[in-house]
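The values are calculated or read from the model by the stated rules, or taken from the named source; none is laboratory data. Note that the coordinates shown come from a computational prediction; the quantities given were computed from them, not determined experimentally. All Cβ positions, glycine included, derive from the backbone under ideal geometry; neighbour counts span all protein chains shown.
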Amino acid sequence: MTVRLHFRTLVGGALCVALFVSLSFAPLGARADGDETAMTNLIALVSQRLALAVPVAQWKWANHKPITDAPREAVLLADVEKRARAANVDPAFARRFFQDQIDASKEIQAALFEKWRQSSAPTGAAPDLATTTRPELDRVTQALIPALARVAPWRDTPDCQARLAHAIKGWKELTRYGATDTAALSTALAHVCSAGGPSDIG
């Protein structure tokens, strides 16, 4: 299924990450309550990771590389499980969550590839994947592990999906996400709650 995204919105939304990261220092063992800061922080980091799919796609397009890189994905998922154990995060949850990030990123890349095939290819030099984009992806990955720990108290609560939907709505309003911007975001957040993704992402 082709995903249509306003990529400038993704990038603009990523610029708001610092605000929510600075507000997310709740104790990792905190009980779930009315504070949705942890979920909003997670959404902000996910949005930043989605924005990085754009330079990844540009590099792959320029270097005639396929979107899927199964060996590297396997390395990432193994590393995520290791980091999750060290941070007292359920490694199975972390692996499923990061698989969703990979899938969401590939949705964006596929949409861009399709756009470039049908119209004009991107101009200018693509950002270097090894020295520029991957270090940024690693930084976001490191931030996402403790962010997962902070949302863990909500995962099994009956209203987790509703809370997640409410946090997404607030994030979309803040970053001016449009109706078509949410497909990849929905994929990326599909397993935040034990029962699934947000109850309403519209």
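Of the conditions (1) at pLDDT below 95; (2) of a type outside the set (A, V, I, L, M); (3) over 15 Å from the mean Cα position of the chain (by Cα), residue 90 fails just one. Which one is it?
Status for residue 90: all satisfied but (1).
Please go through the stretch 166-184 and pick out each residue that is loosely packed, with under 15 Cβ neighbours inside 10 Å and either modelled with pLDDT under 75 or among the β-branched types (Val, Ile, Thr) (or both).
Across the stretch 166-184, the qualifying residues are 176, 178, 179, 180.
Answer with yes or no whether residue 74 is hydrophobic (A, V, I, L, M, F, W, C), closer than 30 Å to residue 122 by Cβ and at pLDDT 95 or above.
yes
Being touching a helix residue (DSSP H, G or I) at 6+ places or on another chain (Cβ under 9 Å), more than 19 Å from residue 72 (Cα to Cα) and part of a helix (DSSP H, G or I), is that true of even one residue in the stretch 121-140?
No, the stretch 121-140 has no match at all.
Pairs under 8 Å by beta carbon, first residue surrounded by fewer than 17 Cβ atoms within 10 Å (Cβ to Cβ) in the stretch 85-96, partner at pLDDT 95 or above and not in a helix (DSSP H, G or I), six or more apart or different chains?
96/191
Check 170, 197 and return the single one that is free of Cβ contacts under 8 Å to residues at least 60 places away in the same chain and closer than 13 Å to residue 42 by Cβ.
Numbers: 170 fails: free of Cβ contacts under 8 Å to residues at least 60 places away in the same chain.
Answer to the check: 197.
Among the residues of the stretch 123-139, is there at least one that is under 14 Å from the mean Cα position of the chain (by Cα) and touching a residue at least 40 places away in the same chain (Cβ under 8 Å)? Let's see the steps before the verdict.
Narrowing the stretch 123-139 to residues under 14 Å from the mean Cα position of the chain (by Cα): 136-139.
Now drop any that are not touching a residue at least 40 places away in the same chain (Cβ under 8 Å), which leaves 136-137.
For the stretch 123-139, residues under 14 Å from the mean Cα position of the chain (by Cα) and touching a residue at least 40 places away in the same chain (Cβ under 8 Å): present.
Quick check on the stretch 37-51. Is at least one of its residues modelled with pLDDT of 95 or more, β-branched (Val, Ile, Thr) and in contact with a Lys or Arg (Cβ under 8 Å, 6 or more places away or on another chain)?
no
On the basis of being more than 25 Å from residue 36 (Cβ to Cβ) and touching a residue at least 60 places away in the same chain (Cβ under 8 Å), does residue 100 make the cut?
On the way: more than 25 Å from residue 36 (Cβ to Cβ): no; touching a residue at least 60 places away in the same chain (Cβ under 8 Å): yes.
No; evaluated as a whole, the condition is false for this residue.
How about the stretch 71-94: which of its residues are under 10 Å from residue 145 (Cβ atoms), part of a helix (DSSP H, G or I) and among the hydrophobic types (A, V, I, L, M, F, W, C)?
Residues satisfying the conditions are 80, 84, 86, 94.
Looking at (1) in contact (Cβ under 8 Å) with a residue 40 or more places away in the chain; (2) assigned to a loop (DSSP other than H, G, I, E, B), find the lone condition where residue 109 falls short.
Result: residue 109 passes all but (2).
Evaluate the following for residue 162: is it under 26 Å from residue 80 (Cα atoms), assigned to a helix (DSSP H, G or I) and at pLDDT below 95? Give the derivation first.
Working: under 26 Å from residue 80 (Cα atoms): no; assigned to a helix (DSSP H, G or I): yes; at pLDDT below 95: yes.
No.
Can you give me the number of residues within the stretch 66-78 that are in contact with a helix residue (DSSP H, G or I) (Cβ under 8 Å, 6 or more places away or on another chain) and of a type in the set (Asp, Glu)?
Result for the stretch 66-78: 1.
Is at least one residue of the stretch 18-25 modelled with pLDDT of 95 or more, in contact with a helix residue (DSSP H, G or I) (Cβ under 7 Å, 6 or more places away or on another chain) and not in a loop (DSSP other than H, G, I, E, B)?
no
Against the definition (modelled with pLDDT under 95, within 23 Å of residue 68 (Cα to Cα) and of a type outside the set (Gly, Ala, Ser)), how does residue 139 come out, yes or no?
Against the criterion (modelled with pLDDT under 95, within 23 Å of residue 68 (Cα to Cα) and of a type outside the set (Gly, Ala, Ser)), residue 139 does not qualify.
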